[in-house]
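Before any comments, here is the structure.
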Amino acid sequence: MILLILSFVAGVLTVLAPCTLPLLPVIVGSSLSGVPSRKKVFTVTFSLGVSIIVFTFLLKVSSVFISVPQATWGVISGIIIILFGLTSLFPGLWESLPFVNKLNRDSNELLATGYKKENFWGNVIIGLSLGPVFSSCSPTYFVILATVLPQSLAFGLIDLFVYALGLSLALISISFAGQKIISHLGGISDTHGYFRRTLGVIFILLGILIIFGIDKKIEVRLLSVGLFDITKVEQSLLKLNDSKSKTVLDNSTEALATSSTKTIIKKSHGPKAPEIVNPSGFINTGGEPITIGQFKGKKVVLLDIWTYSCINCQRTLPYVESWYEKYKDMGLVVIGLHTPEFAFEKVKLNVEDATKRFGLTYPIVMDNDYSTWTAFGNQYWPRKYLINEDGEIIYDHIGEGNYDETEKAIQNALSELNGKEVIVNITEPKNTISVEPEKVASPETYFGASRNEYLGNGKRGTAGEQKLTLPTVMFSNLAYLDGSWYFSSEYATTQTSAKIVFKYNAKNVYMVASSDQGMNVTVLKDGKFEKTLFIKGNQLYSLIEGSDYGEHTLEIDIPSAGLNAFTFTFG
């Protein structure tokens, strides 16, 4: 329910996003062309809303569609906007278009008149063409695309519809206000008047800005000076959603939340735990399959959802392993559910190597297609479900932290299982890393074209090769690249020697990366040498292990082609 409300609010806020502000004249102007009418307003906004939903659905289900770079949609939108600008600037141009003459020749005069006078289909086309552009302007939109839709098509489409509804209602309000103002100025219905010609010029200029990506530069500039930064507002709302997204199932449920974690303890019977669905492989089981149901009436099961390149997951693993070692002889079974974020995490050999590297001895189930993740209704890495001997979820924890509380919940469940109190000293395992999430002020930053919203230079959301140079001025929490890079959906690959510069606010910096041949990169912090790091296999690498939280500058010098950069994370 909270995500529904957030989706609606996000749709409204998208109208004020830097990436949509340059497009507002197109939306408002389209609804003002000709005689002002509510029909025009609804036509443009309804078409835009439909376009966002259809575009998102196709983006998620069609591998052909997703391979089309985001910049291509910008070019298409820009061309359409320029064409309509030309017809507003030169009304006679419309009548001279061949297909309009053909419509007349085929006696479709009504439709042709509709194009020329009411411009109904023109407004439809404009609304439809802008859907892909508006779709990339909201963090909430990416949450729906990346997490909700994979879990449930129905809920994902509902959230998407509510997002489009909020955006459409905001645009309708702005368009009505614009109509009311412009109607008092006169000359709006004159196809050769100043208003229509001014509108045409604005359309043409905006089309050019979109085609050449200048609108994105305007967006970065607006963000850099702190204007219209609705992204921060949405991210704050998303954090609120993270801390409240799991609803209380009955009056006996107590929710405990911190800024980065959330715990739900069932003091009485909880909901039945779903079964493991369509596993992709098993590790540490001797090749034998494992289920939750096989332990009903016999054991307590701790299900830990993780993925091996996630730093938040990695920091919890020493605790999970220690619990398994301490309590396995008392009736505890730990099952690690490995649900991948990146394609390379679907490779069993990679997961096996990570399992050995982290010293995990409990069973691991590979959940490559998110089937079990979806069955549990999960949205987070890491997440832990404690399941009692009756197959009920009695404890639920999202994120890091609250380790003492989790261990106490395990002891309580084992006490019920064994009919006697389990008392074991709670101690800190070895190789743990303490973090203060509330002091981390830099977001997870992706390099791949599908999610590189924090790319500081170059074209965001654009697959293919880009030759980039570092700007003279660089802003915080944006990744700036130097050299030639090829952007795939999940990662960016160096084509030459290259450099990455990132001004971050945290203590530690991690990077998911790989290199087929292996290479040494040089890491600098605040202009001083930090380390030389050898990168080869697909995994998370520690770039900086700081001594204090604060704002610093990271530089990575990459000597040659072949480095694959996936993401930065911070701690």
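The values are calculated or read from the model by the stated rules, or taken from the named source; none is laboratory data. As the structure is a computational prediction, the values presented were derived from the model and not from experiment. For neighbour counting, all protein chains shown are included, and Cβ atoms are generated from backbone atoms with ideal geometry for every residue, glycine included.
When the residues of region 319-345 are filtered to those that are of a type in the set (Gly, Ala, Ser) and closer than 30 Å to Ser488 by Cβ, the one that is nearest to the chain's Cα centre (by Cα) is Ala343. Checked against the criterion of being in contact (Cβ under 8 Å) with a residue 40 or more places away in the chain and not β-branched (Val, Ile, Thr), the candidates Tyr308, Tyr324 yield just one match: Tyr308. Could you tell me whether Ile174 is modelled with pLDDT under 70 and either of a type outside the set (S, T, N, Q) or on the phi > 0 side of the Ramachandran plot (or both)? No: the conditions fail for Ile174.
Among the residues of region 486-498, not a single one is more than 20 Å from Gln314 (Cβ to Cβ) and of a type in the set (Asp, Glu).
From the list Ile364, Ile398, Ile387, the lone residue that is touching a Lys or Arg at 6+ places or on another chain (Cβ under 6 Å), in contact (Cβ under 8 Å) with a residue 24 or more places away in the chain and of a type in the set (A, V, I, L, M, F, W, C) is Ile398.
Restricting Asn350, Asn378 to residues that are touching a residue at least 24 places away in the same chain (Cβ under 8 Å) and in a helix (DSSP H, G or I) narrows the list to Asn350.
Contact map, region 414-437: residues that are without any contact (Cβ under 8 Å) to a residue 12 or more places away in the chain paired with residues that are surrounded by 10 or more Cβ atoms within 10 Å (Cβ to Cβ) and of a type in the set (Val, Ile, Thr), Cβ distance under 6 Å, separation 6+ or inter-chain. Pairs shown: Ser415/Val422.
All but one of (1) farther than 28 Å from Ser488 by Cα; (2) not in a loop (DSSP other than H, G, I, E, B) hold for Ile290; which doesn't? Against the list (1) farther than 28 Å from Ser488 by Cα; (2) not in a loop (DSSP other than H, G, I, E, B), Ile290 comes up short only on (2). Taking the condition under 20 Å from Gly270 (Cβ atoms) and in a strand (DSSP E or B), does Asp396 pass? For Asp396, the condition - under 20 Å from Gly270 (Cβ atoms) and in a strand (DSSP E or B) - is met.
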